[in-house]
Structure formats: C-alpha cells, structure tokens
Amino acid sequence: MQWSHAASTQAIRVAKLRCEYLAEPCAVDVARPRLGWVLEGADPSARGIRQAAYQIRAASSEEALLAGRADLWDSGRVDSDETLHIEYAGKALAPGQECWWQVTVFGRDGRFAATSRPSRWTAGILEPSNWKAEWIGLKAPPVAAGAGAPAAFLRSEFTLEKPVRRAWVHAAALGNYELRLNGKKVGRDFFAPGYTDYRKTLYYQTHDVTGLLNEGPNAIGAMLADGWYAGYIGWKGRRGVFGEQPLFSAQLEIEHADGTRRRITTGSGWKGAFGPILEADHLMGCVHDARKEMPGWDAAGFSEAAWQPVITGEKPAARLTAFPGEPVRKTQELETRSVSEPKPGVFVFDLGQNMVGWARLKITGTPGQKVVLRFAEMLNDDGTLYTANLRSARATDTFFLKGGGEELLEPSFTFHGFRYVEVTGLAAGSKPEASMITGIVVHSDLSRTGSFECSHPMVNQLFSNIVWGMRGNYLDIPTDCPQRDERMGWMGDAQAFVRTGACLMDIAPFFTKWMVDVEDAQGGDGAFTDVAPRGILDGAGVAGWADAGVVCPWTIYQVYGDKRILERHYAAMSRWIDYMEKTGKDLIRPDSGYGDWLAPFAKDNKGDTPKPLLGTAYFAYSTDLMARTARVLGKHEDAARFEALAAKVREAFNREFVSPDGTVKGESQTAYIMALRFRLVPDALRPALEKRLVEQIEARGWHLATGFLGVNLLMPTLTEIGRDDVAYRLLENTTYPSWGYSIVNGATTIWERWNSYTKDKGFGDVGMNSFNHYAYGSVGEWMFSSLAGIDTDGPGFRRIVIHPRPGGSVKFAKASYDSIHGPVSTEWRLEEKRFTLKAVIPCNTTATVHVPAGSPDAVTEGGRPASTAAGVEFLRMESGKAVFAVGSGRYEFESR
Ligand code: BGC
C-alpha cells in the first residue's frame, strides 16, 4: 500500500470523549470505567490516519489538568492503536468526585500529536451503603378496577447560608418520579428511574444542579406515580406487580465555596399532597384537574398547611446503582396535519405519523370543562378511532380545565402509541384549529447513528417506518409494542431487531442496561425468559426468545468491540447453554415455544417451521456464539467444550431434520434460512439447500413467508448465497406478504402482522394486532450491510467492509453510519454501465472495498487507476468484484 500523504504532518482532532459510552456522565458506579475517543482528520484529503500511541491524564479538577497536574492518573505514553474501552487505572475516586481527563494521541513517526479538550465523569455513590436518604411516599389510596392511582406530590425546604460551588442530586423511586428544584424540572428525563425488576435492580439518576440552587431558601420536590412498579403492566389487568406503594428517595449533595459539605435527603420531615394528577398510569392514561394545580408547590415559601406528613417505607432490597443508559426524553414535536369531525362534536386530529408519546392540548375553555383525548393508530372506515387493538389499555387522557384563558396541558406519567387523537368535550359548535393538538414524541434518547436514502421511494418509506418502530419501542427497555396492554421486553423481538437497532442508534448503553434485566430474569435452572424484566409472565426457555441472552451481548460486542458485556454475562450465557444441553432429548429441543411467530400462510400464530427444528437450530447457533465468546475472553477450555457441543448439536440437527438430498423437514423458508445462515449443514449439502430455499420463495409467487425468527435472517442469507436478485424482488414487492404491502396500505411504522390491515379485508385479528411492532423491521440491517454496503468485519468496526450490492430497480443509495470509531458512509450510483462509489472510512480503521468490475483495471479512484491511487491496494477479484484495501479517508471509485 502506498501512503503518499504519509510524509506530511496530519491535522488531527480528538473528539467524542466518552466514559462508559456516555459524554460526561454525572454518576458512574463502575469500578474501572472505560474511556474512549474518536480521531477526526481535519484535512479531508488525508488518508491512512492511524494512532500509534496515546497518553491519558486525569486530574481532580479542570484547572489541575490544564496546569499539567495529573493528580489522579497519568497513563504515560502507551504504544497502542486502541481508542476504545480503555480502563481507567488511576486513583480510586470518592463518591461524587469528579475526574477530569484528556488524551493526547500520537501518529506513527511523529506524523501527528493532538490533545483533546478536557472531559470528565463523576463518580456515583459507588456503594449502596452511601445512599443515606429515606424512602418516602403518600399512602396509596384504593383504586377502582381499570382506573389509575393519583400521583403524589412531595416537598421540603432548606436554607443555604453560603455560596455553592457544586451541587448534584441523586434520585430514585419505586414508581416513576419527576424531580423539581426551586420551581424547575430537574433534567429532561421521563419515567425515571426506568423499568427493571425492582426486586433485584434499582437505578438512581444524578443531575448537576449547581445552577438551580439559591443562597437562602430553597425548595425541592417530586411528583411520584405508579409507573411500571405499581401500575398496570401487561394484559392480565394487574396492578402492583412489583409492589403497591410507590416510594421516592433523593439525596442532594452540596459543596460550598468554602469547601464544606451539606447533604439534604428525603425523610420523615417532608410533606405530601395529592394534587391535580387524579390518575396516572402507563396503560390507562392520565386524569388531570387543572383546577387543583398548586402553583408554587415546588418553590420556597409555599404554604404547606393543607399537606400531610409523608410515610416512610423500608429501604428496597434491590441493588441500587447509577442508571447506565440514556434516559427517556422528548425528542420531537409533531404538528397536526388535518382535523376531521366524523361525528358531531367528535374531532379527530391526524399527526400523519404513528408515534409514541402523548399529545399537548392547547385550549381556551371554562372552569371544570371536561376535555377527553383518546388515541389510536388507525381509523375505522367511518373516520372514527380504531381502538379495539389496544385491548384493555384505556389510553385516554382527561383534562378538567382551569378556565380563564389559554391553557397548555400535557398528561403526566403515561404514554400512548398513536397517529390519531380524538378530542371530545369542546364547547358546542366549536371548530378546533389544527394547532390544538401537538404530538410529543418520547423514547430512550439514544444518539442517532444511521441514515439511509435510495432511489426507491417505497424503500425510503420502509426505512422511515423502521426508524419510527425503533423510536416507539426503545423506551427504557426494548418492547414488542407501545400501545396495547402489553409493552413488554419480549426477548424474541429484541434479538431479531438488535442488529438493525445498532445501525440506527447508539444502543450500547441501552443494552448494557437491558442485559442486566435479562440476567435478573433468568431462572435458577439457567433458562432465559420470554420477557425481561420478568413481570407478569413466567415463560422461559423458548427458542429464539431465550437466545436473546446470548445473541444480544454478542451483537453489542460485534458492533462496539465491547468485551465487558460478554464478561459480565458470561456465566449467565453459559448457564443457558447448559440448560439446553440438559433438557433436550439427544440434543434435540422440545416441540414447544412460539415457533416462527406470526409467519404467514401457517395454520396458527406459531408458523409452519417445526419447533424442535427451530429450537435445535438456535441451540447450535447460541452454542457457537458461546464458543466464540469464550475464545474472545481467553477461556480456551470452555471454548473447546462449546465448539464440540455445537458440532454435536449440528450433527443431531442433520440427523433429525435434513435428508441426504438437502430437504429440510417442514420445508419452510425459515427452516432453509436457518440451516444456511447458522451454517448447520455440511458444505457439500449447501447448494441443495440454497436451491430449495429459492424454490420455496418461488412457490409463494416470489413472496417471503417468514415470521419473527426467519425475517432478520432472510435477506442476509439470500445475499450470502449470491441471490441478491431474489432479495431485491422481495424488497420491492408490494403484494401480500411483503414490507411493501404495509406501505401501499398506508403504514408509517412496521406492523405486527404482514396483514395487520388491508384495504380490501380491513383489520387483521384484533386479539393481537399492533401497528408498531419492530420485528419485521429487522430488514434494516441488510439495507445497511448489503444495499448500502456498510458492515463490520470482526468486532467494533475496526475493520470495515464496504460492499454495496446494487440490484432490482435501485440505481442509487446513500447511507452513513456513525460507528464507534467515527462516521462511515457510502454513496453509490449505477448509470448504464457506469458504477460510482463514494466512501468515507474513519480514522484508525481499515476497510475492504468491493467494486463491481470485470478486472481491477476497469476501476479508477479519484480519476486514476485504482491500483495506483494513494492509499489504495488491490487485493483480489471475488465474485465479479474487484476488492481493494484502504485506510481512513474519502474515496471515489468508478468502474465501467
Ligand atoms: C408479543 C410478541 C411476542 C409474542 C410471543 C406477543 O404477544 O406481542 O411480540 O414476541 O407475543 O409469543
């Protein structure tokens, strides 16, 4: 490889300093937090930028760091090209201590040296025993069946005699809380502290509140509602699954300018009241009586005369630790597109997009006027809301107006999945403006990493539907659906979608958190569950669902190079493999489970792929991933044991399900897909299976017939067997069943069923018919890896594969992916016989670039023969493509 720019000095920026994946986290309870950064080349023409060494310096203050006093840690110069997951190895931090750090990176042979700006993280409480605050609440009143409980308001005042240098507050709840300080909401989080199995793990959130405190009197307050802890979860009409009495706890830590410290905590001296929020429940909705609002309740000087003493509860037994992810936040507002009046006085607002969150009501009315908002994803033919699919979720927000001017009202502690909002209770004869209703979109606020666009409008709509499906269903945990009385952490759905999710957003912190839920849920026998957190459902050990316990951490390792998630869950992962080994019969998994859930053309919801086959295929696959996990962690004995087991399971699979002519039992598309994708059959037999898979698709008139387990494997398998032509045919289909079918029928999200709605037959089986279920959106990973051609080769996008595969009627595609090493992008175009490909490769990585061409000589880069271009090396010809090796930089390939 020639590096023509190599001699010159390279201009480099060190950006995106992260600690445990987060930018400047306020509370880190991890003993040896991992640090990372991204190198950015300032000169767009520079190529092959690589780090040769780094030096991290850490100090107890920014001033000390900038003055060169690294009093916490100086790594010294470390010869390494690592930029990720570098463990802090400095002095142990005290609870709440700030660690300021910066890194200097060095290029080879003095090509560059660049120092980052200072960044910091703050230690959390580190040990649960450092949580001194009491757990307080208001005695939960009795609640009628189908109704929600009121939210409690809690408050206390304190006076600060001296100026504040720094202050931070930790808060947690059994329930959901919103924290207030001196009249302002603290942070932008919703539904804190998040959804966990509260019997085992409980999170607290931390906010820097230095700027919110006053010298003199101050007030701290919280609103506390049932949340997942005590509210309705699932379809069994049950409240109080984890407990019935919501409790709140907070600890405000103040450092005065003179160095003294003060701690304010929740305790028996706090006062409480039930205020305007008469009901607040995730599934049922909110009832808000604006006449009962208590202006100033969260500010100093408020009269507490009507408030009662709080109750104190026992300290929860769960492990209390800093929330490791990104909170749920408002991320967007949607304006109403149109308003209709399907019945007199019933107004339906269309937001044009199926979304998750709630609606803000802007209204002028009379005191006590009752305005009711109902929500739906779809409309009946007569234009009224279709709500049957919500099942027992009331999903209704009721407001009693204060009167006397314009009011802006939002519900609290609830969320809905909807595109349409029905408003009733307006003054007779009124014709509301569209601006009366605004959609407030909320979800876990993960940073967006992937964008995609191509020449096919329907495929672009599909991409948008996938993104919206993810936004609606990554709400603290990965859920199946956001609207009906379910909204649970279904493991099968999560693992089918996880790789797609990783293309669209930075999901590492989200899965760091959820994997703890998964492990908390695991049974003593080693079976991973159907849902995590474990709540109202006890199912476990199901093929493709339980396997999320292995597939998800493996995927996080693949995408982010994160070994710690493997280490942390290694024991749990291997218990699952042991469980499968022990409970099968001659290594064949049982005839139970959800099968290839919701595959079309089948006799029931469980699809036509034999369940023992699916189970055994997943057994082999998870065991194979387990063996690789063991290798990655250097546990070679374990690895050998798992490799041998995986081989035996494959043998059993072949014996039981595969005929010598390559027929796979059940003859379903999914059966062939799994046998191929999981590499279960001998190589010699693969061509026979490949042929049969394509025949199965042809037999359906070139339609897919996959359910939740087959769908994410379908397109990558077709690409792998060299049948992109078939993949594109499926992608572009608009007839049933296909992705396009939902789109021509108006979908703006991914549907649960291939026929959740059809223009001729109407709504699908109402018992289970969500219009926002991301599983079938798992085609997104193929859109990135194959259509746009961006993928990782090995862990953490250190080595990248750029391999776009033009096909079907798609003539142009463009995608970018903000990898853990920095942005990767492709943009390809096919005109007549001319193919162009622009690619951007991040610093400190290498890539192989596959360009369709008859020979390497047919390819140019930047207008020169590619094999002579700077930083480009021809490797080989492979399946009609010229393959080049490149380092970081921008490239423009062209072939004729
Ligand atoms: C959920 C799913 C889940 C399935 C398992 C459904 O009720 O919505 O998405 O995976 O059950 O059977």
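The values are calculated or read from the model by the stated rules, or taken from the named source; none is laboratory data. Fair warning: this is a prediction, and the values are worked out from it, not measured in the lab. Cβ atoms come from the backbone with ideal geometry, glycine included; neighbour counts cover every protein chain shown. Just so you know, the surface numbers come from the protein's heavy atoms only, side chains and all, with ligands and any DNA or RNA stripped out. Shrake-Rupley method; radii C 1.70, N 1.55, O 1.52, S 1.80 Å.
Results for (1) at negative phi; (2) more than 15 Å from the chain's Cα centre (by Cα); (3) open to solvent by less than 10 Å² (accessible area, probe 1.4 Å), shown as yes or no for each residue.
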{"site": "Pro509", "(1), (2), (3)": "yes, no, yes"}
{"site": "Glu519", "(1), (2), (3)": "yes, yes, no"}
{"site": "Gly541", "(1), (2), (3)": "no, yes, no"}
{"site": "Gly549", "(1), (2), (3)": "yes, yes, yes"}
{"site": "Val559", "(1), (2), (3)": "yes, no, yes"}
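Filtered by the rule that a residue be under 24 Å from Arg108 (Cα atoms) and open to solvent by less than 10 Å² (accessible area, probe 1.4 Å), the range 850-887 gives Ala869, Gly871, Val872, Phe884, Val886, Gly887. For the condition open to solvent by 10 Å² or more (accessible area, probe 1.4 Å) and at pLDDT below 95, Ala89 does not qualify.
Residues that are of a type in the set (S, T, N, Q) and farther than 14 Å from Glu62 by Cβ were ranked within the range 116-134; the one that is least open to solvent (accessible area, probe 1.4 Å) is Asn130. Restricting Asp538, Asp547, Asp525 to those that are free of Cβ contacts under 8 Å to residues at least 40 places away in the same chain and either in contact with a Phe, Trp or Tyr (Cβ under 7 Å, 6 or more places away or on another chain) or within 29 Å of Ala192 (Cα to Cα) (or both) reduces the list to Asp538.
Each residue in the range 591-633 was checked for being farther than 30 Å from Arg564 by Cβ, open to solvent by less than 60 Å² (accessible area, probe 1.4 Å) and more than 16 Å from the ligand (Cβ to nearest atom), and 4 pass.
The residues in the range 754-775 that are more than 12 Å from the ligand (Cβ to nearest atom), surrounded by fewer than 17 Cβ atoms within 10 Å (Cβ to Cβ) and not in a strand (DSSP E or B) can be counted, and the count is 4.
Only one of the listed residues (Gly383, Gly417) is open to solvent by less than 30 Å² (accessible area, probe 1.4 Å), touching a strand residue (DSSP E or B) at 6+ places or on another chain (Cβ under 8 Å) and assigned to a loop (DSSP other than H, G, I, E, B). That residue is Gly383. Within the range 428-484, the set of residues being of a type in the set (Lys, Arg) and either touching a His at 6+ places or on another chain (Cβ under 7 Å) or buried (at least 24 other Cβ atoms within 10 Å of the Cβ) (or both) comprises Arg471, Arg484. Scanning the range 56-76 for residues that are basic (Lys, Arg) and within 33 Å of the chain's Cα centre (by Cα) turns up just one, Arg57.
Taking the range 227-326 as the region of interest, the strands (runs of 3 or more DSSP E) fully inside it that hold 2 or more residues being more than 26 Å from Pro142 (Cα to Cα) are 247-256, 261-265, 319-322.
Rundown of residues vs (1) within 16 Å of the ligand (Cβ to nearest atom); (2) touching a Gly at 6+ places or on another chain (Cβ under 7 Å); (3) under 19 Å from Val346 (Cβ atoms), yes/no style:
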residue: Thr414; (1), (2), (3): no, yes, no
residue: Glu433; (1), (2), (3): no, no, yes
residue: Met436; (1), (2), (3): no, no, yes
residue: Asp445; (1), (2), (3): no, no, no
residue: His456; (1), (2), (3): no, no, no
residue: Asp476; (1), (2), (3): no, yes, no
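If the requirement is being within 24 Å of Lys292 (Cα to Cα), open to solvent by 10 Å² or more (accessible area, probe 1.4 Å) and modelled with pLDDT of 95 or more, which of these qualifies: Pro150, Pro217, Pro163? Step by step, each of Pro150, Pro217, Pro163 is checked, and only Pro150 is within 24 Å of Lys292 (Cα to Cα), open to solvent by 10 Å² or more (accessible area, probe 1.4 Å) and modelled with pLDDT of 95 or more. Mind checking which residues of the range 489-503 are open to solvent by 10 Å² or more (accessible area, probe 1.4 Å) and within 9 Å of the ligand (Cβ to nearest atom)? Matches in the range 489-503: Trp490 only. Cβ-Cβ distances below 8 Å connect the following pairs, each with a first residue in the range 750-767 that is under 14 Å from Leu598 (Cα atoms), a second residue that is among the basic types (Lys, Arg) and away from the ligand (no atom under 14 Å from the Cβ), and a separation of six or more residues or different chains: Asn755/Lys761. Flag set for Leu224, criterion: within 23 Å of Ala306 (Cβ to Cβ) and not charged (D, E, K, R). Every condition in (1) under 17 Å from Phe653 (Cα atoms); (2) surrounded by fewer than 18 Cβ atoms within 10 Å (Cβ to Cβ); (3) of a type in the set (Lys, Arg) holds for Arg700 except the one numbered (1).
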